[in-house]
Amino acid sequence: MTATAGAPRPADIVQTGEGRPPIAINAITQDDLSDALAKGWSDFKAAPMYGLFFGFLYAAGGWMLLALFYATSLHYVIYPIATGFALIAPFVAAGTYEVSRRLERKEPLSWSVVLGSIFNERGRELGWMALVTTFTLIIWFDFAVFLYVMFFGLKVPTMAELPRLIFDTPSGAIFFVVGNVTGAAIAFFVFAITAISCPMLMDREVDFVTAMIASVKTVHANPKVMISWAALIAFLLGVCLTTFFLAMPVLLPFLGHATWQVYRKCIA
C-alpha cells in the first residue's frame, strides 16, 4: 500500500488476504485517548437507552453469579470469578459498538438493527472470539482453584475466616500476590486480543483471527497509550466490582462507546 504524499506512515500493517485491502494501524497519543473518551461519553448521552440496557444485562449476570457462589459456599472463589467475569465485557458491549458506528455515519437507530448486528455474519465472527475468551476464563478459574488448594488445602473457609486466611498468614500473602500477578497477566492477554478486535468485527468483513492479530499489533505499536487504556478499564471495572455491579449500567456502555472511538483512532 502506498502512502499519500505528506500523510503519516502507518505504525504497522496487517495483511487480510482474499483480495481485501490491508489494515493500516495508526500511532496514537494520550490526547487521542482523551478525545476518544470524550466522544465515547457523547455517544452514550446521544442514545443512553441502548447502553443502559446492555449495562443492566451485564450487571444482572454479575448479581446472579455472586448469588450462585454464595449459595453454594464457594465464596472463596468469588474474587477470581468476578474479575474473570470482567474479561467478557467487550462482548457484552458489542451492541454499543453498533450504536457508535451508526451515530458516526448518521444512520437511524432501532432495537432491531442494534440487536440484529450481534447475530449477523460479523456477529458470528465475534462469537468465535468470545469462545476463545471464554476458554481463557475457564483456564483462569481452574488455575485460581488450583492455587487455593496448593496454598490452603481442601478446607473451605467461612466468609469471616477468608480475609484473615489471606492477609494474616505468610502463605496467604504469597497466594494473594501470585494470584493477582497471574490474573493480571491473563487479563492483559485478553485485553491485547480484544482491544480493537471486537469493534473491528462489527465494522469490517474480516475473520476473528485477523482481528485478533490486528489488535495485538495495535497494542504493540502503541504500548504506552494502550497500557493507559487498559489501566483505566481495569480501574473502572474495579469500581463496578466494589459497588457490587451497581455502577455497571453506566460504566459498561461508556467503556463500550469509548472502545469504538479508540478503534477509530487506531485503524486508518
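A compact table of results
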{"quantity": "Test: residue in segment 70-93 that is of a type outside the set (Ser, Thr, Tyr), part of a helix (DSSP H, G or I), more than 24 Å from PHE254 (Cβ to Cβ) and out of contact with any helix residue (DSSP H, G or I) (no Cβ under 7 Å at 6 or more places or on another chain)", "calculated": "yes"}
{"quantity": "One residue from VAL156, VAL149 being modelled with pLDDT under 85, closer than 30 Å to PHE176 by Cβ and part of a helix (DSSP H, G or I)", "calculated": "VAL149"}
{"quantity": "Condition check for ALA130: among the hydrophobic types (A, V, I, L, M, F, W, C) and touching a Phe, Trp or Tyr at 6+ places or on another chain (Cβ under 6 Å)", "calculated": "yes"}
{"quantity": "Any chance THR169 is farther than 30 Å from HIS220 by Cα, free of Cβ contacts under 8 Å to residues at least 60 places away in the same chain, surrounded by 11 or more Cβ atoms within 10 Å (Cβ to Cβ) and polar (S, T, N, Q)", "calculated": "yes"}
{"quantity": "One residue from GLU104, GLU98 being surrounded by fewer than 19 Cβ atoms within 10 Å (Cβ to Cβ), under 19 Å from LEU255 (Cβ atoms) and of a type in the set (Asp, Glu)", "calculated": "GLU104"}
{"quantity": "Qualifying residues in segment 211-224 (those that are free of Cβ contacts under 8 Å to residues at least 40 places away in the same chain and not β-branched (Val, Ile, Thr)) - the one nearest to LEU201 (Cα to Cα)", "calculated": "SER215"}
{"quantity": "Segment 177-200: number of residues that are of a type in the set (A, V, I, L, M), part of a helix (DSSP H, G or I) and at pLDDT 90 or above", "calculated": "3"}
{"quantity": "Qualifying residue in segment 160-167 (condition: in a helix (DSSP H, G or I), hydrophobic (A, V, I, L, M, F, W, C), modelled with pLDDT of 80 or more and within 25 Å of VAL190 (Cβ to Cβ))", "calculated": "no"}
{"quantity": "Some residue of segment 172-183 being touching a Phe, Trp or Tyr at 6+ places or on another chain (Cβ under 7 Å) and closer than 30 Å to PHE119 by Cβ", "calculated": "no"}
{"quantity": "Hits in segment 237-248 (condition: crowded, with 20+ Cβ neighbours inside 10 Å and of a type outside the set (Phe, Trp, Tyr))", "calculated": "LEU237, CYS240, MET248"}
{"quantity": "Failed condition for ILE227, given (1) closer than 30 Å to PRO21 by Cβ; (2) touching a residue at least 24 places away in the same chain (Cβ under 8 Å); (3) assigned to a helix (DSSP H, G or I)", "calculated": "(2)"}
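The values are calculated or read from the model by the stated rules, or taken from the named source; none is laboratory data. These numbers come from a predicted model, not from an experiment. Reconstructed Cβ throughout: ideal geometry from the backbone, glycine too, with neighbour counts over all protein chains shown.
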